[in-house]
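Reviewing the structure listed below.
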Amino acid sequence: MQIGLLPNTDWLKGTLALSPRGEIEVDARGQTSVPGIFAAGDATTVPYKQIVIAMGDGAKASLRVLAADDNPTNQKVIAAVLAPLGAEVELVSDGAACVEAWKRGGHDIILMDIHMPIMDGIATLPEIKKIAPHTKVIMLTMVDDNSMITKLMELGANSYLTKTSDSEVIYEAIKTCHEQEYFFNALTNKALLT
């Protein structure tokens, strides 16, 4: 199902670059022809305007994701899962590299595994939060253990997902954490309420 076949953008003519169909021209990060102005949703040139993609467009506009996972296959999967968001993704393979990448700046959110060499996610999370307490960190791991979930949420994680999560759940967690503070799901609720 596609939405937004007739964009309501006449009022923008002469302000932003529009396609011949009247859609707002945007790049992969949602940047329009005017620096600092981003657009999202079904009135843009984003292809395949499906409802699930249109819902997440606002969260991806100019969104930069830092993903820390030591497994090259998992890195490829993360990049593929995030591709429909159009987010700019930087991949690192350990916690120390994650901290260094975060210090360089420019990232909006972090996806982090627990088991990594050099510095694992349990040690990396408080280091990131010490540098920038308002940093949004989503733990993305295969560990499905209530005590681990509780521990990481107490250390400052904004959400906790398993790598078996549907891409829509990952999109929703990114969107919610980016726009608000926390994304709670069945895993976090069960761990925090027991």
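The values are calculated or read from the model by the stated rules, or taken from the named source; none is laboratory data. These numbers come from a predicted model, not from an experiment. Every residue, glycine as well, gets a Cβ built from its backbone with ideal geometry; the counts of neighbours run over all protein chains shown. SASA here: full protein model, heavy atoms, side chains in, ligands and nucleic acids out. Shrake-Rupley method; radii C 1.70, N 1.55, O 1.52, S 1.80 Å.
Using 0.36 nm per residue and subtracting the Cα-Cα separation, the extra length available between ARG21 and ALA83 on full extension is 19.9 nm. When only the Cβ of Lys, Arg, Asp and Glu is charged (+1, +1, -1, -1), the dipole of the chain relative to its Cα centre reaches about 260 debye.
Summed over qualifying helices (DSSP H, 4 residues or more, each -39500 (n - 2.57)) and divided by its residue number, the chain shows a 222 nm mean residue ellipticity of -11000 deg cm²/dmol.
Once the Cα atoms are used to define both axes, helix 51-60 deviates from the longest principal axis of the chain by about 70 degrees.
Listed peptides 88-94, 11-17 appear in the order 88-94, 11-17 once ranked by packing, highest mean of other Cβ atoms within 10 Å at the front. Among the listed pairs LYS103/LYS130; LYS76/LYS103; LYS76/LYS190; LYS13/LYS175; LYS103/LYS136; LYS130/LYS151, those whose Cα-Cα separation exceeds 22 Å are LYS76/LYS103; LYS76/LYS190; LYS13/LYS175. Could you tell me the calculated FRET efficiency between ASN146 and SER33, based on Cβ-Cβ distance and R0 = 41 angstrom, to the nearest 0.05? FRET efficiency, ASN146 to SER33: 0.25. Phi angles across segment 183-188 convert, under the Karplus curve 6.51 cos²θ - 1.76 cosθ + 1.60 with θ = phi - 60°, into 3J(HN,Hα) values of 10, 9, 9, 4, 5, 5 Hz, Gly and Pro given as x. Among beta bridges identified by DSSP and lying wholly in the chain, the antiparallel ones come to about 10 percent. Accessible area per residue for the chain, computed on protein heavy atoms with a 1.4 Å probe, is 50 Å².
Farthest towards the positive end of the charge dipole of the chain, among the residues GLY106, LEU12, ILE37, is the Cα of LEU12, using unit charges on the Cβ of Lys, Arg, Asp and Glu.
With a ≥ b ≥ c the root eigenvalues of the C-alpha gyration tensor of segment 119-176, is it rounded (a/c under 1.5), prolate (a/b larger than b/c) or oblate? Cα axes put segment 119-176 in the oblate bin.
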